[in-house]
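A.B. asks: Here it is, the structure in full.
The values are calculated or read from the model by the stated rules, or taken from the named source; none is laboratory data. These numbers were taken from a predicted model, which means no experiment stands behind them. Please note: Cβ atoms are built from the backbone with ideal geometry, for glycine as well, and neighbour counts cover all protein chains shown. Just the protein is used for accessible areas: all its heavy atoms, side chains included, with ligands, DNA and RNA removed. Shrake-Rupley method; radii C 1.70, N 1.55, O 1.52, S 1.80 Å.
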Amino acid sequence: MPEDTPRPGLRMGVLGCADIAVRRILPAIVEHQAVRLVAVASRDGARSARLAARFGCAAVTGYRALLDRDDIDAVYVPLPPGMHHEWVAEALTAGKHVLVEKPLSTTYEQSAELVEMADRLGLALTENFMFLHHSQHAAVRDLARDEIGELRVFSSSFGVPPPHPSSFRHDARLGGGALLDVGVYPLRAAQLHLAGELDVLGACLRVDEATGVDVAGSALLSTRTGVTAQLDFGFQHSYRSAYALWGSRGRISVPRAFTPPREHRPVVRLEQQDRTTEVTLAADHQVGNALDAFTAAALSGTGRAALGEALLRQALLVEQVRKAARVVSL
């Protein structure tokens, strides 16, 4: 195919110039064989121009101007969570498939509205939990089935050092807070490994009085059969991104659960009564795999109903944790 011939596939635009877009998503879009980056939008024209020059696409000033383009099939939305509902709704109304950074929105009610809208309009709507698309988790499930017996406890932690003071994560109006930023990962991982519905038995959120946002928290969940999930999260911590499955005959721990680099070969630890084994798994490109899944949902409708169900289940659990939480002011 001549170099000046547009590559076929999903034509994609980006609403916003967030750090995660620049570091992880835009490079993956550019190299993806079934996705073509058409344009990137910012409210700051100079900023979108710099990013567009770097990634070889058009620069657009203003999010609505990008949505008005008829050469875009889908958009990626890395805006702060408090802006997701408005701009995901605008994108769906404009007939675009949507890949949105987690969380889909800041409330269950808003998420349910967006899921219904996407279903009614026949569009793909996906929350960008990239870790779900790494092959290590399927390998861990197989290992757990064969080696640890009956699952008793799932535990998971995701903590990061304090964000920069100017970050939206400290701004309640923009959907800041640790629960929506990092707490959603252990919640989603619990759903990946525990069958059936999960009940929130209790939770605690530590809130910074100066900003009004939660900066750390914990939650205890249970399946209907009594398997528990012990979850911890926050951004007052040294970095930790892990989960473990503890069963009747052993325990598996996954130390790089949520953000393994593309070239990283995960090493999981299997502890049994008389031995400890480290198992090295294959490296995988979870960002590219996530784009594969989104492209399939957008172009062929693959898995759209399941995506909607997962979005609603996740949003409900987040809301239940918030409602159940004891709030401790700092």
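A.B. asks: Before anything else, pin down the relative contact order of the range 191-245: Cα pairs under 8 Å, at least 6 apart, normalised by residue count, whole percent.
C.D. replies: Relative contact order of the range 191-245: 29 percent.
A.B. asks: Which chymotrypsin sites (Phe, Trp or Tyr not before Pro) in the range 227-262 sit in a loop by DSSP (not H, G, I, E or B) and have at most 13 other Cβ atoms within 10 Å of their own Cβ? It would help to have the intermediate numbers written out before the result.
C.D. replies: Details: sites: 233, 235, 239, 243, 246, 258; in loops: 235, 239, 258.
Qualifying residues, ordered by number: 239.
A.B. asks: Only loop residues by DSSP count here, and only those with at most 16 other Cβ atoms within 10 Å; note down the trypsin sites (Lys or Arg not before Pro) in the range 162-262 that meet that. List each step's numbers first, then the result.
C.D. replies: Details: sites: 169, 173, 188, 206, 224, 240, 249, 251, 256, 262; in loops: 224, 249, 262.
Counting only loop positions with at most 16 other Cβ atoms within 10 Å, the trypsin sites (Lys or Arg not before Pro) in the range 162-262 are 224, 249, 262.
A.B. asks: Using only Cα atoms, locate the centre of the range 26-52 and the centre of the range 284-310, then give the distance between them in Å, rounded to an integer.
C.D. replies: Using only Cα atoms to place each centre, the spacing works out to 20 Å.
A.B. asks: Which residues' amide hydrogens lie under 5 Å from the amide hydrogen of residue 302, considering only partners 5 or more residues apart or on another chain, with H built in the peptide plane?
C.D. replies: The list, which skips near neighbours in sequence, is 297.
A.B. asks: Let me ask another. Got a sec to turn the phi values of the range 100-112 into Karplus ³J(HN,Hα) couplings, 6.51 cos²θ - 1.76 cosθ + 1.60 with θ = phi - 60°, whole Hz, x for Gly and Pro?
C.D. replies: Rounded to whole hertz, the list is 10, 4, 5, x, 3, 7, 9, 9, 5, 4, 5, 5, 4.
A.B. asks: Loop only per DSSP, at most 14 neighbouring Cβ atoms within 10 Å: give me the GluC sites (Glu not before Pro) in the range 125-180, ordered by residue number.
C.D. replies: In loop regions of the range 125-180 (DSSP not H, G, I, E or B), the sparsely surrounded GluC sites (Glu not before Pro) are 150.
A.B. asks: Might you tell me the accessible area per residue for the chain, computed with a 1.4 Å probe and given in Å²?
C.D. replies: On the way: 14900 Å² over 330 residues.
Roughly 45 Å² per residue, with all protein chains present.
A.B. asks: Under a 10 Å cutoff between Cα atoms, tell me which one of 27, 161, 266 has the largest fluctuation in the Gaussian network model of the chain.
C.D. replies: Comparing 27, 161, 266 in the GNM, the peak value goes to 161.
A.B. asks: Please find the FRET efficiency linking residue 296 to residue 267, where r is the Cβ-Cβ separation and R0 is fixed at 35 Å, and quote it to the nearest 0.05.
C.D. replies: Step by step, r from the Cβ atoms, then E = 0.70.
A.B. asks: Still on this structure, I have one more. If packing is taken as the average count of other Cβ atoms within 10 Å, what order do 130-136, 18-24 fall into, highest mean first?
C.D. replies: Answer by packing, highest mean first, reads 130-136, 18-24.
A.B. asks: At 7 Å along Cα-to-Cβ for each site, give me the label-to-label distance between residue 275 and residue 326 in nm.
C.D. replies: Spacing of the two 7 Å Cα→Cβ label points: 4.3 nm.
A.B. asks: Counting only the heavy atoms of the protein chains, how much of residue 106 is accessible to a 1.4 Å probe, in Å² to the nearest 10?
C.D. replies: Per-residue accessible area (residue 106): approximately 50 Å².
A.B. asks: Same structure, new question: Tell me, what HN-Hα J-couplings in whole Hz come from the Karplus equation 6.51 cos²θ - 1.76 cosθ + 1.60 at θ = phi - 60° for each residue of the range 51-68, using x for Gly and Pro?
C.D. replies: After applying 6.51 cos²θ - 1.76 cosθ + 1.60, I find 5, 5, 5, 5, 10, x, 9, 7, 9, 10, 9, x, 5, 5, 4, 5, 5, 6 Hz.
A.B. asks: For the chain, count all C-alpha to C-alpha pairs, find those more than 26 Å apart, and express that count as a whole percent of the total.
C.D. replies: For the chain, the fraction of Cα-Cα distances above 26 Å is 50 percent.
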